[in-house]
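Notes follow the structure.
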């Protein structure tokens, strides 16, 4: 059975989502909605069998199993609220800009028995899932510290750098650690003439003593997506920009020097967005939502609010 999907927003991220839904044997793109005629013409050329429109109210929710929302952040709450009463919804991150709004969406979701999915792509990556197993098995002892550097992205006017880039780090940490920090300190500022904060330095501490440092910035000549996990017996470096060797594991040759052995493990290199699409297909089929249950979206949003 092919599930039918409607995609709202065919600008920057919508085409990437559309490609992955199109490539899945579980989905058929039924509608593509965008305010831009230029974007719709491009969508029509790539997906000629999809119904295109500038008006999202043209979507017949009785004819779709999932609505995908890839629009400016400030529109996420109202669009999700509208469609969640009728069908399942996938929302580009962040889900909303307040925990109050997320709670309202959770209530609508439960009342109408429709699932909310959020596009936190990295929690569906092979590298982050590999690291989760390392943490759970305590293979290298206690996790002492995490450093994340996430730099360069399109400058936005609808959400600052924390809600744009920081949401990746916070969703990854929630997925890996399954707990909230006990203290948060953040410095946010504008380095240019941008409307919103474009750079943030964030320090967090967890009850078990794990320390977190995050640097998020839109302003950078190079794209950086590096996370370092420091364990008692090893340091794991995860670089999502690497096409193949995304994880390197460093273990000391000798405690008295800085020489390391390096191991490059085999990981699942499937595109995270495709893994998300396949998860949603399984979720709709089995009427489950294991990743986003237990208030995952609310926990992420509350940390972002505190930052």
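Divide the volume of the convex hull around the Cα atoms of region 123-269 by the residue count and you get 131 Å³ per residue. How far is helix 14-23 tilted, in degrees, relative to the longest principal axis of the Cα atoms in the chain, given as a value from 0 to 90 rounded to the nearest 10? Computed tilt is about 80 degrees.
Compute the Cα gyration tensor for region 257-307, then decide on rounded, prolate or oblate, letting a ≥ b ≥ c be the square roots of its eigenvalues: rounded whenever a/c is under 1.5, prolate when a/b is larger than b/c in the other cases, and oblate in all that remain.
Working: a/c = 3.41, a/b = 1.40, b/c = 2.43.
It comes out oblate by the Cα gyration axes.
So what's the gap between the Cα centers of region 122-146 and region 201-269, to the nearest angstrom? A separation of 11 Å, based on Cα centres.
The largest-to-smallest principal axis extents of the Cα set in region 69-167 are 46, 34, 23 Å.
Using C-alpha pairs under 8 Å with a sequence gap of at least 6, the mean separation divided by the residue count of region 145-221 gives a relative contact order of 43 percent. Full extension of the chain segment joining residue 274 with residue 194 gains 25.5 nm, where the gain is 0.36 nm per residue of separation less the Cα-Cα distance. Sorted on the mean count of surrounding Cβ atoms within 10 Å across their residues, most packed first, peptides 96-104, 249-257, 274-282 read 274-282, 96-104, 249-257.
When DSSP beta bridges are limited to those with both residues in region 123-269, what percentage is antiparallel, rounded to the nearest 5?
On the way: 35 of 42 bridges.
Beta bridges within region 123-269, antiparallel portion: roughly 85 percent.
As a calculated quantity, the FRET efficiency between residue 213 and residue 2 at R0 = 30 Å, using C-beta atoms, amounts to about 0.10. Per-residue ellipticity at 222 nm, computed for the chain from helices alone with -39500 (n - 2.57) per DSSP H run of at least four residues, works out to -9000 deg cm²/dmol.
Bear in mind that the values in this text are calculations on the coordinates, not laboratory data. Predicted model, so just to flag it, every value in this text is computed and none were measured. Methodologically, a virtual Cβ is constructed for each residue, glycine included, from the backbone with ideal geometry; neighbour enumeration extends over all protein chains shown.
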